[in-house]
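A.B. asks: Please read through the structure below; I'll follow up with questions.
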Amino acid sequence: MNAFMDVNIWMIVGFLLAAYSVVANDSLQTLGTYISSNKKRTPKAVQMLFICTVTIIVLMMGWFLKDGDPAWGRLSVPGKEFPLPEPFNWVYILPPIAVLALTQWGAPVSTSFLVLSSFKPANIGKLLNSSLTGYVLAFCVGLAAYGLGMWLLERWVFRRTQEGKDFNKVWYVLQWFSTGFLWSMWLVQDLANIFVFLPRKLDFFPMAICTAVLCVGLCVLVATGGGPIQGVLRSKTNTSDLRSATVIDFFFGLCLLYKAFLSTFPLSTTWVFLGLIGGREIALRIKEQEFETVFTNRESGNLAKIIGSDLWKAFVGVVVSLVIALSIQPLVQLTGGSTLQQTGHVSGAVFRGRFFIWFV
């Protein structure tokens with residue numbers, strides 16, 4: 001580790017933007033069901049405390065086990081590295097800004113494509129392959145699990161909801177466990193999208209600062225209820241029900257756990273999530289045909305409209321990601337990286353000293 005590595009203002013701005021934009025967009029997959037189902041049941045302060053506690057444990061555990069690497073080693077896989085650009089200028093903050101814009105539109109964009117591929121376009125093919133295999137895996141898991149037996153739970157949940165009956169309190173405990181499990185698996189996979197803006201090794205104090213920043217962003221997320229991206233989730237069957245949310249989180253966490261052990265290379269967790277809920281919704285609609293009563297969500301339209309809308313927005317996100325990723329390096333050369341590096345610092349100074357941020 002370089003004890004006096006220079007960190008300029010654009011790295012800090014990029015990290016701050018990524019910390020909020022990546023988590024805000026990916027809240028659909030990880031915390032969306034938790035936020036929806038606890039909206040009127042659990043105080044937001046308690047939700048914040050729970051999510052931040054899991055975050056602190058996972059971040060510090062990864063930092064310790066990976067010898068100071070804040071991204072669980074996913075940016076430094078031999079032969080598939082995502083090196084920190086030199087010079088690092090304002091161009092590299094465009095990806096997280098694009099994530100924010102797409103999130104406001106309600107698009108479940110792949111932050112791995114949009115952020116990571118901008119740092120090393122040569123890895124786009126590897127990212128695409130890793131994400132597609134994740135989508136297929138999750139789709140098959142959703143189709144099989146809900147087609148073979150979990151549809152019984154969803155039909156029961158739908159009926160109980162229609163009758164206005166409450167549920168056993170044990171589901172509270174089960175959901176909090178499944179959410180903690182899923183959130184920890186997501187952090188292992190997607191921390192690379194946030195820490196790609198910073199040095200690949202951090203000392204304890206700067207790591208603590210970064211962890212605090214992420215926790216503040218999560219508190220804002222919980223306070224706002226998840227944002228526009230929650231619309232993708234609300235169109236699916238029973239996703240606001242605590243019992244269904246618990247099962248969704250558990251299966252999603254299992255898919256991410258399997259991919260984490262299978263490969264240390266990053267992937268699009270968004271695609272994994274869309275595959276899971278897509279396979280789930282198809283399985284439920286197919287099983288519904290065997291009964292006279294409806295037990296799926298029909299308010300958002302037919303199956304083709306629901307799945308097609310999700311895939312269309314995801315496709316737009318991928319196209320935007322590729323355009324930005326392939327434009328970054330030419331834009332760096334066009335704007336003159338060395339000049340921008342000199343002018344992009346506060347008061348012409350460089351933030352020095354093991355990423356300890358001194359404002360002068």
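Every number in this text was worked out from the coordinates using simple rules, so none of it is lab data. What you see is a predicted model; the values in this text were computed from it and never measured. All Cβ positions, glycine included, derive from the backbone under ideal geometry; neighbour counts span all protein chains shown.
A.B. asks: Roughly speaking, what is the centre-to-centre gap between the range 17-91 and the range 136-206 when only Cα atoms are used, to the nearest Å?
C.D. replies: Each part's Cα centre sits 15 Å from the other's.
A.B. asks: Assign one of three labels to the range 58-146, namely rounded, prolate or oblate, based on the Cα gyration tensor with a ≥ b ≥ c the square roots of its eigenvalues; rounded applies when a/c is under 1.5, prolate when it is not and a/b is larger than b/c, and oblate otherwise. Could the numbers behind the result be given before it?
C.D. replies: Working: a/c = 1.70, a/b = 1.22, b/c = 1.39.
Oblate, because a/c is 1.5 or more while a/b does not exceed b/c.
A.B. asks: Measuring from label point to label point, each 7 Å out along Cα→Cβ, what is the residue 66 to residue 136 span in nm?
C.D. replies: In this crude spin-label approximation the distance works out to 2.7 nm.
A.B. asks: Okay, moving on. Excluding residues fewer than 8 places away in the same chain, name every one of the lysines whose C-alpha is closer than 23 Å to that of residue 44.
C.D. replies: Filter leaves 169.
A.B. asks: Let me ask another. What percent do you get for the relative contact order of the range 50-135 when only Cα pairs under 8 Å and 6+ apart count?
C.D. replies: On the way: 44 pairs, mean separation 16.0, N = 86.
About 19 percent, as a whole number.
A.B. asks: Label points 7 Å out from Cα along the Cβ direction at residue 173 and residue 223: separation in nm?
C.D. replies: The answer from the label model is 3.3 nm.
A.B. asks: Using a 10 Å cut-off around each Cβ, can you sort 136, 58, 170 from fewest to most neighbouring Cβ atoms? Could the numbers behind the result be given before it?
C.D. replies: Working: 136 14, 58 20, 170 8.
Ascending Cβ contact count within 10 Å gives the list 170, 136, 58.
A.B. asks: Among 241, 190, 166, which comes first, second and so on when ranked by fewest other beta-carbon atoms within 10 Å? Spell out each step's value before the answer.
C.D. replies: On the way: 241 21, 190 28, 166 6.
Fewest to most other Cβ atoms nearby, the residues stand as 166, 241, 190.
A.B. asks: Using the structure shown, list the pairs from 80/259; 66/126; 259/313; 66/201; 39/287 with a Cα-Cα distance above 19 Å, or answer none.
C.D. replies: On the way: 80/259 16 Å; 66/126 23 Å; 259/313 24 Å; 66/201 9 Å; 39/287 30 Å.
Beyond 19 Å between Cα atoms: 66/126; 259/313; 39/287.
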